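A quick write-up on the structure given underneath.
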Number of protein chains: 2
Amino acid sequence: MNRLNTTIRYAVRAVLVLASHRDNPISIKEISEHEDLSVKYLEQLFLKLRKAGLVKSVRGMYGGYFLARPPDKISLGDVIKAVQPNGVYAAPCTRKSKHCIREKNCSAHEYWEKLRALLDDFFASTTLATLKD
Amino acid sequence: MNRLNTTIRYAVRAVLVLASHRDNPISIKEISEHEDLSVKYLEQLFLKLRKAGLVKSVRGMYGGYFLARPPDKISLGDVIKAVQPNGVYAAPCTRKSKHCIREKNCSAHEYWEKLRALLDDFFASTTLATLKD
DNA sequence: CTAATCCATAGCTTTATAATAGGATTGTGA
DNA sequence: TCACAATCCTATTATAAAGCTATGGATTAG
């Protein structure tokens, strides 16, 4: 319904928690309680975040996750790409992998390209530190 | 999946057709053939567009639709609002009707507000004539 | 009067998201 | 060394939304 889905929103909230507690690893359980999100759902997200190299993990007791880079080096776009490889695209036809057969004579195409550029720019230029001052 | 849905995309394409044939009413059938969209689906869209005052209709034989205002006076936002009253909102918590209980201590909230503003601005400032020069 | 068109509502089908389940693996510390 | 607490991984289910179809009625030109 034209909104960023929970995957993205939860992931951003989760990494923001890590961004504000950088001294030691935070467990999923703590994040779950802090943000009132399902443990199992968070597990899936962190799996992707880790594979994307945004966070690192410590296993075993007193383990958890921490940011792999300082907050100002992690953009919203990084997080989005991690949990949702296709990213946020205004219209299917502006998706990288998918070529639009109508593109040439689609009057609306340029609108969506402009929008896509706008979003890409916003996500690339906004980091986890952006709102902290 | 984080894209503008077909409702919005089809509606924009449809009104763009009207924008480029302003001499006489265009029937839904013609738009359907031109854009390769279902007649019945278009009918639903035009019902909303008409009620929003963006297009006017001529009933009966040789009837059809035409823009109620010149293309440069119709923004993407107008079209979106017409077919989808809630508009495009980045996150549920930035939706007008819905108050977010976490807003006060949600670190991500400001991101979505900024994004919402960005989108609102884009949709408001882009008209059906924007890409025509 | 009849064909073309708009008007309106209801319901079906499919897809994608959201969430859950269950277990395997790894490290800590008593 | 053993219990425990955490990450790690895959699969499955449930739910909601989007997308579309079907049906019937109202209106008007020719």
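Derivation of every value follows stated rules applied to the coordinates shown; laboratory data play no part. All values derive from a computational prediction rather than experimental measurement. FYI the Cβ positions are ideal-geometry reconstructions off the backbone, even for glycines, and counts take in every protein chain you see.
Give the shape of the stretch B:1-81 as rounded, prolate or oblate, defined through the alpha-carbon gyration tensor: a ≥ b ≥ c are the square roots of its eigenvalues, a/c under 1.5 means rounded, and otherwise the shape is prolate if a/b is larger than b/c and oblate if not. Oblate, since a/c reaches 1.5 and b/c is not below a/b.
Hey, can you rank B:58-64, A:61-67 by average C-beta count inside 10 Å, highest first?
Numbers: B:58-64: 10.3, A:61-67: 15.0.
In descending order of packing, they fall as A:61-67, B:58-64.
Peptide A:47-56 is shielded by partner chain Cβ atoms: per residue, an average of 0 of them sit within 10 Å of its Cβ.
Can you give the Rg/Rh ratio of the stretch B:6-132, where Rg is from the C-alpha atoms and Rh is the Kirkwood radius?
Details: Rg = 17.0 Å, Rh = 15.8 Å.
Looking at the stretch B:6-132, the ratio lands at 1.07.
Per the Debye formula with a single identical scatterer at each Cα and no solvent contribution, what log10 I(q)/I(0) holds for the protein assembly as shown at q = 0.08 Å⁻¹? Taken in order of the listed q values, log10 I(q)/I(0) reads -0.41. Across identical copies of the chain, B:Ser27 has label-point separations of 7.0 nm, listed in ascending order, with the point defined 7 angstrom from Cα along Cα→Cβ. In the assembly of identical copies, B:Leu118 has its label point, taken 7 Å from Cα in the direction of the beta carbon, separated from the corresponding points by 1.0 nm (ascending, one decimal).
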